[in-house]
1. Taking amide H positions as placed in the peptide plane 1.01 Å from N, state which residues far from VAL99 in sequence (5 or more) or on other chains have amide H under 5 Å from it.
2. Rank-order 399-406, 67-74 by packing density, defined as the average count of other C-beta atoms within 10 Å over each peptide's residues, highest first.
3. If you line up the Cα atoms of the range 347-414 on their principal axes, what length do they span on each, largest first, in Å?
4. Per residue, how much accessible area does the chain show when a 1.4 Å probe rolls over the protein heavy atoms, in square angstrom?
5. What lysines does LYS282 reach when the alpha-carbon gap must be under 27 Å and sequence neighbours fewer than 8 apart in one chain are set aside?
6. Size of the range 230-374 along its principal axes in angstrom, Cα-based, largest extent first?
7. Probe radius 1.4 Å, ligands and nucleic acids ignored: give me the carbon and sulfur share of the accessible area of the range 389-514 as a rounded percent.
8. Tell me what the chain gives for mean residue ellipticity at 222 nm when only DSSP H runs of n ≥ 4 count, each as -39,500 (n - 2.57), the sum divided by the residue total, rounded to 500 deg cm²/dmol.
Amino acid sequence: MSSDSPTSGFVAFVGAGPGDPNLLTLRGAELLAKADAVVLDEEQFGPLLRHCREGVEVARGDLVKRALAGQLVVRLCEGDPMLFSSVTEEVAACAAAEVDFEIVPGVPPATAVLTYAGIPPATAVPEFRVVDAAQEQDWSAHAACRGTLVIYNGIGEAVPIGKALVAGGKPDSTPVAVSSGGTTTEQYTVVSTLGRLQADLKHAGFTEPALIVVGEAVGLRDKLSWFETKPLFGWRVLVPRTKEQSKSLSEQLTSYGAVPEEVPTISVEPPRTPQQMDRAIKGLVTGRYEWVAFTSANAVKAVREKFEEYGLDARAFAGLKVAAVGDATSRALVEFGVKPDLLPSGEQSSEGLVAEWPPYDSMLDPINRVLLPRADISTDTLVAGLTELGWECDDVTAYRTVRAAPPPAPIREAIKGGGFDAVLFTSSSTVRNLVGIAGKPHNVTVIAVIGPQTAKTAEEFGLRVDVMADRPSASALAAALAEYGAKQRHAAVAAGDTPRRPSQNRRGARRRAK
């Protein structure tokens, strides 16, 4: 079958990989983007639907019927469609009906899960054997495997399989690893030997899908483990911010192994009356201002939307000097096509901006007025500082911040019951609003704050502050939490203990440590 895009009814059997949605192949993503319908039978494939166009049909229906009706159908298959395949009959049905089809290989768990567990699939001894326990009865034949033996669908019979391998001649000291939730932040691996397998798995609570790995390569996990040893591996982290502001922070947390959950606590809305902003934009265009100072990405967004309303673009800033309070605000301006003239080199705050702002000089500055498009709840620090430097400020409400609706009941219960491992507070208002709409976080939850003022507010609400960013930015806050998590992990390992997430320390928490 040609790799060119199909022009009529067509079925693509696409390997979805082992669990991590980022392991989907480029060809798989390309076909998902063109699909009329996606057929899947595993809820875990849901994240892959982000590659689809809006309005794609998600179904469980007849592939052949849909293809004959002219649809491009993608059938998502776990792992690799051709390795212990469950879709062989569906492929045969397409062939019998003379429906064009393509089979797109996927990353198989047999190699990916081992790699994520720090176990090289084939090393030293060049033999790699994969067995489906659901179809295998004679284990003595596999006892002679000198390399790495990977067993699918064997978790329910792990102990009898281990005993059968020993009976077949495998030394009972042979290393064994059992790993479930492979390549996801739920991955959990127990290392044992064939002789100790029964004792070590007794309280592990493994369920399928899981892999059993037998062989000397398991012994390299201590040196090569990279995924389960991430500083925030498996941590469920609450990000109480507005949706627009959460994306980059959540991506950074994910890179540390965390599972971020964004809970909007602040809703950004337009001013109640638009006249003040209308006058400000008019003044900006007609030369009323020397400077425009932005104290948040939301302020940039509000001005940008007003520009679009009037048919303006970044060229309207020509001749103006532009200041930004910090990196996030600066990025929002650059995306708009404006490079800030002034950015604090030290503390990224109103105080930091005032510290570097030049005083008004009538000989150098033809105009002495500054536009400050800000939130309705902003403090007067910046206005007072600029006024003292000789500038006149037009302090304009560009947007309002109001408390968001309460999150769903399961989220509220997790917050109060210790289901979250950490919560990141990026401002005093996020503290007040989260507690207002969802209650106080449980005392086992790590509280991380962006700076001293936010810490003070958190303590006023009876929260213990565990982590503070070394500079007031969301990125620095995430990095500080990761450093805290790494220290906790290292301390546990040094003491000979299994690292535990904070939520596992609450009373009644599941005792299986990851």
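The values are calculated or read from the model by the stated rules, or taken from the named source; none is laboratory data. Worth saying up front: this structure is predicted, and the values here are computed from it rather than measured. Cβ sites come from the backbone with ideal geometry, for glycine too, and all protein chains shown count toward neighbours. Each accessible area value is taken on the protein alone, full model and side chains, heavy atoms only, with ligands, DNA and RNA left out. Shrake-Rupley method; radii C 1.70, N 1.55, O 1.52, S 1.80 Å.
1. none
2. Details: 399-406: 15.8, 67-74: 19.9.
Peptide ranking by packing, descending: 67-74, 399-406.
3. Per principal axis, max minus min of the Cα coordinates gives 62, 24, 14 Å.
4. Numbers: 24420 Å² over 514 residues.
In whole numbers, the chain has 48 Å² accessible per residue.
5. Qualifying lysines at Cα under 27 Å: LYS301, LYS306, LYS321, LYS339.
6. So the three principal-axis extents are 58, 34, 24 Å.
7. Working: 2860 of 5770 Å².
Roughly 50 percent of what the probe reaches on the range 389-514 is carbon or sulfur.
8. On the way: 17 runs with 164 residues, N = 514.
Mean residue ellipticity, 222 nm, calculated: -9000 deg cm²/dmol.
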